[in-house]
Structure formats: structure tokens, C-alpha cells
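Here the structure is laid out as C-alpha cells; the discussion comes afterwards.
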Amino acid sequence: MKTRYALSLGKPFGIKVKVHWTFIFLIAWIVIVSLNRGLETPQILMHVLFVFALFFCVVLHELGHSLTAIKFGGNVTGITLLPIGGMAHMTKMPEKPKEEFLVSAAGPLVNVVIAILIWIYLALFQPVNLEEMKFVAITRENFLVMLMAANIFIVVFNLIPAFPMDGGRLFRAALSIKMKRVDATRIAKDIGQIFAIFFILAGLFINPFLVIIGIFILLGAKGEYEMIQYQDALKQFSVEDVLNKNFAELDMEDTLGDAAQKLIHIPDNGFVIKSEGKYKGILTKNEIINGLNNLGKEGKIKDAVNTDVEPVKPNAKLFDVFQDMNRKRNYLVPVISKDEILGVLDIDNLKELILIQRAIR
Ligand SMILES: [Zn+2]
């Protein structure tokens, strides 16, 4: 998910934590529900404070996943808070069943620890009599009891085996001990989708957030299964096995009119742009169209070129590069070794390769 419209909250352990703009809906929903129930302002503020405390626990949950993943060589780019929960963005995930199991378990375990700590605190300093306590609204008296209950709820809910939720990941990791990861993922995905449909149907009657969670599970399961299939198809290749040596190149000083004219004659998604023999950037159809709109036909390529596309090495693993291209939406990347452009990788060609590999099996 793109998190451009997100507010940065800090960088604990070097991991960026952001809150997505749609979080406003959650706060608005809580205020509206509280108002409908005729609650007074101090109590509404208490509810909002509770949500902040709860999402602080969610951040700790995601940090549990993230730090465990990093320990096993994974790569975490950040954590985003959404109204339905947290999400750790991993560009590289540990794949050994045991490691994946521990990474998935670490999040819920954090909430178990939080619940136990609250329980100990309550037992020592604030003994509660559950029979006398009222739970109509969150108050100063029941705040910690409710927070403890919410953490237990997070644990139980996350352990539902609805891949890609934590429980589903634990299930997949357990299956992958006995079978291929791609097959384990397919089974976990199918079960996840059954749960998702159940969530959506139940949510329509109970709670709109359950509907959103169901949709997230449906899309997440599908997307992740696709990626695992791609990985299975590409795992035997490195970049040099499939790079396209017949690529089209243009110079920084050439015009966008030149590029537009040549575009229909080239096999790839765009051009490699050079200056004095050195790689400078990539010019795809999108940059050409935007450039023509802003600068006209006489506009120079150097004012429209995308210089953010980093070259890849010929010995890089093809799947890693493919995944990176998808994430960064780079449709064309140059393959460079010792300043020499050896060829390009085009995302459409890679998708064809995947189809062929899957057909062969
Ligand atoms: Zn989790």
C-alpha cells in the first residue's frame, strides 16, 4: 500500500511508524457512536484516549513482528497504522518455516505480554471488582481492564487462521514443513478467503470494520499467493539469464518528440537514457506523455527522464529484482556492470516468462 498520505509518528529501532490519513474515520466513527449513545464530552475524550492507547499496543505488536523478522535477515521499511490495525511493510521476509512461524507469533506474543503486565499492575495497585464495574462506557476506573481485554481480543482475533493474518501465516509456516511453500500458501489462501467472506457477511450485520478487514484479507491473500507463484517460477534465474540486449537508447539532449516517434517501434516499455556514454535514467511511456503535456515536442529528455531507476547487477536474483520493480512501479530497469549497460529487464517480458514457466510445469 502506498502511504504517501500518512503522518509520521517516529522511528523506534530505526523503523518508521506512520498513521494513515483514513485513521480520521476511526476517530470520527467513535465520536459519532458515542454521541449517539448520549455520552458527555469527557467520556468521549476517554474513548478517543482509549483508541490511542490501543493503537500504541498495535504498534508494539507490529514492532514484535518487525524486530523478529530483522533478526532473521528480513527487511522492514516501516509500519503503517490503519483504522483496522497495523501493517508492517517487509521487502524481504524470512522464509524458513521455523523463522516465519516465530515472526508471525511474535506480534500476538507482545499483546500477551502487555495483557499480563496490565493484569499484574491491577493486581498490585488497583484491585478491581469485576462484578461492581460498569462496562457501558470506558471510564477512568475500567480503562486498564478494558485495555487488557482489548489486548486479549487482538491475540484471539489475530490467531484466526485467515491468511495473511498472523494465524494464517502460522498455519502456512506449519504446512511448509511438509510441502512446497507455494502449495502451503495456496491452501492457506483458500482457507483465508473462506474466512474473509464470512467476515464480510457477518460484518454487514455487526460492524463495518469487519467488512473492511474481510476485503483486506481477500486482496492480501490473492496478492501474496501471486507473488509466491512468481517466486516459484523465477527462483532458478538470475538477471543475466533473461536480460534483453536489444534495448533502445536515447541521449539526454534528444527531444521528447524524437522519443514519442520512436516509441511505437521499440519492443520494450521505454528507453535507456544516456549522456556521454553513461547511464542517466529511464524514459517510459508515462514520462513521455507527461513530458509532452508539460514541455511540448521540443522539450528535452533531460527534463522529463526518471533518474530514480537504479540499475541492477547481472548476477542479482531475478525474483528479487522483479519484486522490487513491482513495488517501485519501475517497468524497465537497466542491467549494468562496471559502467557498461549490458541490457534491460522489462516487466512485461518477465510476466511472459512467468506464464511460460508455469505452463511448462
Ligand atoms: Zn500481527
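Bear in mind that the values in this text are calculations on the coordinates, not laboratory data. Since the model is a prediction, treat every value here as computed from it, not as a measurement. So basically every Cβ, Gly included, is an ideal-geometry build from the backbone, and we count neighbours across all protein chains shown.
Rounded to the nearest 500, what is the chain's calculated 222 nm mean residue ellipticity when only DSSP H runs of at least 4 contribute -39500 (n - 2.57) each, over all residues? If you can, show how the numbers build up before the last one.
Working: 12 runs with 202 residues, N = 361.
Rounded to the nearest 500, the figure is -18500 deg cm²/dmol.
Could you give the angle, 0 to 90 degrees to the nearest 10, between helix 347-360's Cα long axis and the longest principal axis of the Cα atoms of the chain? Approximately 80 degrees, to the nearest 10. The Cβ shell under 9 Å around Ala221 holds other residues with a net charge of 0, Lys and Arg each +1, Asp and Glu each -1. If you take the Cα centroid of the range 37-98 and the Cα centroid of the range 207-244, the two points sit 22 Å apart. Of the chymotrypsin sites (Phe, Trp or Tyr not before Pro) found in the range 1-88, the ones in coil according to DSSP and having at most 14 other Cβ atoms within 10 Å of their Cβ are Tyr5, Trp21. Computed from Cα positions, the angle between helix 23-36 and the longest principal axis of the chain comes to roughly 30 degrees. Here the chain was treated as a single set of alpha-carbon atoms; its pair distances binned every 10 Å from 0 give 5, 19, 25, 22, 16, 9, 4, 1, 0 percent.
Ordering of 309-318, 145-154 by packing is 145-154, 309-318, highest average first (other Cβ atoms within 10 Å, averaged per residue).
Seen from Leu353, the other residues with C-beta closer than 11 Å to its C-beta sum to a net charge of -2, counting Lys and Arg as +1 and Asp and Glu as -1. In the structure displayed, which of Lys235/Lys351; Lys262/Lys351; Lys16/Lys180 lie more than 22 Å apart, Cα to Cα? Correct reply: Lys262/Lys351; Lys16/Lys180.
Its alpha carbons considered, the range 163-234 gives a radius of gyration followed by a Dmax of 12.9, 43 Å.
Helix 208-234 and the long axis of the chain differ in direction by around 40°, with both axes built from C-alpha atoms.
Quick one: putting +1 on the C-beta of Lys and Arg, -1 on the C-beta of Asp and Glu, what dipole do you get for the range 1-159 around its Cα centre, in Debye to the nearest 20? Present the calculation step by step, with values, prior to reporting the outcome.
On the way: 12 positive and 8 negative charges, 133 e Å.
Using only the charged Cβ atoms, the result is roughly 640 debye.
Loop sites by DSSP among the GluC sites (Glu not before Pro) of the chain, restricted to those with at most 16 other Cβ atoms within 10 angstrom, leave 142-252 as the longest stretch without any of them.
Excluding Asp324 itself, calculate the net charge of residues whose Cβ lies under 12 Å from the Cβ of Asp324, where each Lys or Arg counts +1 and each Asp or Glu counts -1.
Working: positive: Lys92, Lys317, Arg327, Lys328, Arg329; negative: Glu310, Asp320.
Net charge around Asp324: +3.
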